[in-house]
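Colleague: Below you will find the structure I want to go over with you.
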Amino acid sequence: MKELEITSRLIVYEDIDELPEEIRGLMQKAVEVRKNAYAPYSRFKVGAALLLDNGEVVIGNNQENASYPSGLCAERVAVYQAGAKYPNVRINALAISAASDNHTVLTPIPPCGACRQSLAEYEVKQEEPLVLYFMGETGKVVKAPSVKDLLPLLFDKSNL
């Protein structure tokens, strides 16, 4: 028998003002687009903004549907839009912000499992880390230097 220990590296900023200027602007876009999320059922709104290697910013927000699970998370809306519009452009960073109509979200909210898997696909495709920054409505911001820090045993094309 062999024991395997897996560690993740995360960096925590006290608030959005501590972020590098370019990332702070990206997070502000995520906050703005979050407000337009279509979330009449969960009342939990998420915004995402991707910074591409060509300087473009691609946005997304969650889109719910009465026929669960037909909706889509903000992260996947953004990454799929980037994949469709800029298929061979590297994703440098992803900013995510979440808020609830029911209470103030103070905890940084990471991508769900389905989004982690989708993001892993793009990270593997571009052969370079995709840096993630995530926060709640206000407060601390967490940086994951790679999707692998959130999904260390990823399933990708090498498993097929």
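Each value in this text was obtained by applying a stated rule to the coordinates, not by laboratory testing. Here the structure is a predicted model, which is why all the values come from computation and not from measurement. Heads up, the Cβs are rebuilt from the backbone with ideal geometry, glycines too, and the neighbour counts pull from every protein chain shown.
Colleague: Using 31 Å as the Cα-Cα cut-off, could you pick out the over-long pairs in Lys2/Lys45; Lys2/Lys157; Lys45/Lys148?
Modeller: Flagged as over cut-off: Lys2/Lys45.
Colleague: Further question: Can you list, bin by bin at 10 Å, the percent of alpha carbon pairs in the stretch 62-149, starting at 0?
Modeller: 16, 46, 30, 7
Colleague: Compute the distribution of all C-alpha to C-alpha distances in the stretch 3-91, in bins of 10 Å from 0, and list the percent of pairs in each, rounded to whole numbers.
Modeller: 16, 36, 32, 15, 1
Colleague: Write out the chymotrypsin sites (Phe, Trp or Tyr not before Pro) in the stretch 25-99 meeting two conditions: DSSP loop, and at most 16 other Cβ atoms within 10 Å of their Cβ.
Modeller: Of the chymotrypsin sites (Phe, Trp or Tyr not before Pro), the ones in loops of the stretch 25-99 whose Cβ has at most 16 other Cβ atoms within 10 Å are Tyr41.
Colleague: Quick one: longest stretch of the chain between exposed loop trypsin sites (Lys or Arg not before Pro), exposed meaning at most 12 other C-beta atoms within 10 Å and loop per DSSP?
Modeller: Of all site-free stretches, the longest is 36-160.
Colleague: Next question. Report the longest stretch of the chain that contains none of the GluC sites (Glu not before Pro) sitting in a DSSP loop with at most 11 other Cβ atoms within 10 Å.
Modeller: Between exposed loop sites, the widest span is 15-126.
Colleague: If I model a spin label as a point 7 Å beyond the Cα along the Cα-Cβ vector, how far apart are those points for Asn36 and Gln63 in nm?
Modeller: According to this spin-label approximation, the distance is 1.2 nm.
Colleague: Just to be sure I understand, if you calculate semi-axes √(5λ) of the Cα gyration tensor in Å for this structure, which of (i) 33, 16, 11; (ii) 30, 21, 12; (iii) 23, 19, 18 do you get?
Modeller: (iii)
Colleague: In whole Å, what are the Cα extents of the stretch 1-41 along the three principal axes, biggest one first?
Modeller: Principal extents (Cα only, largest first): 51, 33, 16 Å.
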